[in-house]
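Since the structure comes first, as structure tokens, the remarks are kept for the end.
The values are calculated or read from the model by the stated rules, or taken from the named source; none is laboratory data. Fair warning: this is a prediction, and the values are worked out from it, not measured in the lab. All Cβ positions, even for glycine, are placed from backbone atoms using ideal geometry, and neighbour counts span all protein chains on display.
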Amino acid sequence: MRLEAGCQISFEAEAPTPVILMLRPRSGDGQWVIREEYLLDPSVPVTEYTDSYGNLCQRLVVAPGAFQIKTSAMVETADCIDTRPGAVYLPAENLPESVLQFLLPSRYCPADQMGNLALEIVGDCAPGYDQVEAIRSWIQTHIKYAYGTSNASTWALETVEKRTGVCRDFAHLGIALCRSLNIPARMVVGYLYQLDPMDLHAWFEAFVSIGDSLSEGRWYTFDATQEAPRGNRVTVAYGRDAADVAIATQFGPMQLLNLEVWVNAAAPTHVTDNSTDPSTDPSTNE
């Protein structure tokens, strides 16, 4: 499906404030960026770079006063996400070096403290994809989705204790449980078509074998906020946890005033074929 996805963010800065933004999707697995628009009001100089996870980041300094960002992108997305029940676990010695960092505990994902719960959840599931799906299903059925029940400092252990959270907390818990089983997992943020209520969204991916092979693997999508696999996602950023994928990281006094998010089906593009119309054939004109 072709989607129009974007957001409008309003800030108020008390002083000149350096900011790193992470709002631009890039073409990759499951998505193709057709066009983009990125508007800043007031306009300020921007420098863009690619971070260590491949995310497109924008550096700028916000002047004192009101500041607004509006981004939008037309993206061709996959209608379904790939699934691979039965895909096997990849031992650490078979993992690509770039994937190894996603085995380690991180700020919001204390994998080293969650092994017992993970083993209880997965039971006798075959190591690999089936274990991750058991984790996703457990979170979806045992953790209540509720706004206002967590904050920017909530980590996976608190989510287990409170049994409530939002998409960010669901993703952190899934990541921590996977890593405790030595399955690489990473956080993803972006947009999901027909998300209710509409907002920026977070989910996680796990790295397992592409089949029965112990030498090749790939990332698969898991979303514990949804009852069944859903496609039509626009990925904006990847990271170890929320600390790596913040849409705005500020280095000074700046207050978020408003955030509006939209994901709409784009109108199909119609191409008129006049090849059989004699009036459009130059050879018929005298």
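Annotations
- Filter pass, Thr149 being modelled with pLDDT of 95 or more, of a type in the set (Val, Ile, Thr) and surrounded by fewer than 18 Cβ atoms within 10 Å (Cβ to Cβ): no
- The condition (being in the same structural domain as Gly28 (by TED's automatic domain parsing), of a type in the set (Ser, Thr, Tyr) and within 30 Å of Gly231 (Cβ to Cβ)) is satisfied by just one residue among Thr47, Thr71: Thr71.
- Picking from residues in the stretch 24-48 that are part of a strand (DSSP E or B) and under 19 Å from Ala63 (Cβ atoms), the one that is nearest to the chain's Cα centre (by Cα) is Tyr38.
- Scanning the stretch 64-109 for residues that are among the aromatic types (Phe, Trp, Tyr) and farther than 30 Å from Pro45 by Cβ yields Tyr89, Phe102, Tyr108.
- Reported count of residues in the stretch 97-117, each being part of a helix (DSSP H, G or I), crowded, with 18+ Cβ neighbours inside 10 Å and touching a Ser or Thr at 6+ places or on another chain (Cβ under 6 Å), is 1.
Residue-by-condition table, conditions (1) within 19 Å of Leu103 (Cβ to Cβ); (2) of a type outside the set (A, V, I, L, M):
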residue: Glu158; (1), (2): no, yes
residue: Tyr191; (1), (2): no, yes
residue: Trp219; (1), (2): yes, yes
residue: Gln226; (1), (2): no, yes
residue: Gly239; (1), (2): yes, yes
residue: Ala243; (1), (2): yes, no
residue: Gln250; (1), (2): no, yes
residue: Val261; (1), (2): no, no
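- Cβ separations smaller than 6 Å between residues 6+ apart or across chains give the following pairs from the stretch 44-71 residues that are closer than 28 Å to Glu205 by Cβ to residues that are among the charged types (D, E, K, R) and surrounded by 12 or more Cβ atoms within 10 Å (Cβ to Cβ): Leu56/Arg24; Leu56/Arg26; Cys57/Asp51; Gln58/Glu48.
- Test for Asp112: is it out of contact with any helix residue (DSSP H, G or I) (no Cβ under 6 Å at 6 or more places or on another chain), in the same structural domain as Trp155 (by TED's automatic domain parsing), more than 19 Å from Met187 (Cβ to Cβ) and modelled with pLDDT of 95 or more: no
- In the stretch 156-179, the residues that are closer than 24 Å to Leu95 by Cα and either surrounded by fewer than 24 Cβ atoms within 10 Å (Cβ to Cβ) or basic (Lys, Arg) (or both): Arg179
- Members of the stretch 118-141 found to be in a helix (DSSP H, G or I), surrounded by 14 or more Cβ atoms within 10 Å (Cβ to Cβ) and either polar (S, T, N, Q) or more than 25 Å from the chain's Cα centre (by Cα) (or both), listed by number: Gln131, Ser137, Gln140
- For the stretch 79-94, the set of residues classified as of a type outside the set (Ser, Thr, Tyr) and in contact with a strand residue (DSSP E or B) (Cβ under 7 Å, 6 or more places away or on another chain) consists of Ile81, Asp82, Arg84, Ala87, Val88, Leu90, listed by residue number.
- Restricting the stretch 152-207 to residues that are without any contact (Cβ under 8 Å) to a residue 60 or more places away in the chain and among the aromatic types (Phe, Trp, Tyr), the residue that is nearest to Gln8 (Cα to Cα) is Trp203.
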